[in-house]
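S.K.: Structure in structure tokens, see below.
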């Protein structure tokens, strides 16, 4: 019963860590876009709803069924009055949110300038918004894979231990691409057709969030040992 309780509590923290960390980044990105003089926000209400229900929802639900750490019973007991945001989770969400926002804003500035420079070639002036939308969604897929553990690298974890996470990431990525390359969905969601090169740029930017979270785990290992490291999970 103690082991099951610890696994459930860890999964609740994992769910909240992913959802709120991603949402902080989205809110900052959307809020900053008018301040940059780009002529409005990059996402429509329908696209924001899509991100909240699908891009955030599916991976978060998959993270909530993550199997327990093999060493879950070797962790020191947690204080009953501890906040659910304790042990660094609150600062983690802020850090990841800021990194996601920085990636989104950097891509947004680049995409806006790129689109403006190529408008004479027939590009729609709002084409940059689809690149921002795509980057934010794909960034969260990398975050979902990295958020499976606070201390173990993704390559150290058995991919088959939680196939729901991989299935949700693959399915959400395919659906996101359909919003761009399937004409009926593109028209319904108000996206624009982007080239393979532009999609590759979006993927490159989005991978930075995954890399950041993985590097954080390595840093934690340098400064936390033994019981202290296990408590961070």
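What follows is calculated from the coordinates using simple rules that are stated; it is not laboratory data. Remember, it's a predicted structure, so these values are computed and weren't measured experimentally. Virtual Cβ from ideal backbone geometry, glycine too; neighbours counted across all protein chains shown.
S.K.: Can you pull the Rg over Rh of the chain, Cα-only, Kirkwood?
M.R.: Using only Cα positions, Rg/Rh for the chain is 1.02.
S.K.: Between helix 89-117 and the chain, what is the angle of the helix's C-alpha long axis to the longest principal axis, kept within 0 to 90° and rounded to the nearest 10?
M.R.: That helix lies at roughly 20 degrees to the long axis.
S.K.: Please tell me the relative contact order of the chain in percent, rounded to the nearest whole number, where contacts are Cα pairs under 8 Å and at least six residues apart.
M.R.: 28 percent
S.K.: Where does helix 2-32 land angle-wise versus the long Cα axis of the chain, in degrees 0 to 90, nearest 10?
M.R.: Approximately 30 degrees, to the nearest ten.
S.K.: Given the DSSP H assignment, sum -39500 (n - 2.57) over each helix run of at least 4 residues in the chain and divide by its residue total; what's the result at 222 nm in deg cm²/dmol, nearest 500? Provide the component values of the computation, followed by the final result.
M.R.: On the way: 9 runs with 152 residues, N = 233.
After summing the helix terms and dividing by residue count, I get -22000 deg cm²/dmol.
S.K.: Under a plain spin-label model, where a point goes 7 Å from the Cα along Cα-to-Cβ, how far apart in nm are residue 110 and residue 74?
M.R.: 4.1 nm
S.K.: Please work out how much length the chain gains when fully extended from residue 98 to residue 49, using 0.36 nm per residue of separation minus the C-alpha to C-alpha distance, in nm with one decimal. Before the final figure, lay out each step's value.
M.R.: On the way: separation 49, 0.36 × 49 = 17.64 nm, distance 2.10 nm.
Between residue 98 and residue 49, full extension yields 15.5 nm more.
S.K.: Under 17 Å from a label point 7 Å along Cα→Cβ of residue 152: give me every residue in segment 69-109 with its amide N that close.
M.R.: Taking a point 7 Å out along Cα→Cβ of residue 152, the residues of segment 69-109 whose backbone N falls under 17 Å are 69-76.
S.K.: Per 0.36 nm of contour for each residue apart, how much would the distance between residue 187 and residue 3 grow if the chain were fully extended, relative to their Cα-Cα spacing?
M.R.: Here the segment from residue 187 to residue 3 would lengthen by 61.3 nm.
S.K.: Same structure again: For the chain, take the longest principal axis of its alpha carbons; what is the angle in degrees between that and the long axis of helix 196-223, to the nearest 10 within 0 to 90?
M.R.: With both axes taken from Cα atoms, the answer is about 20 degrees.
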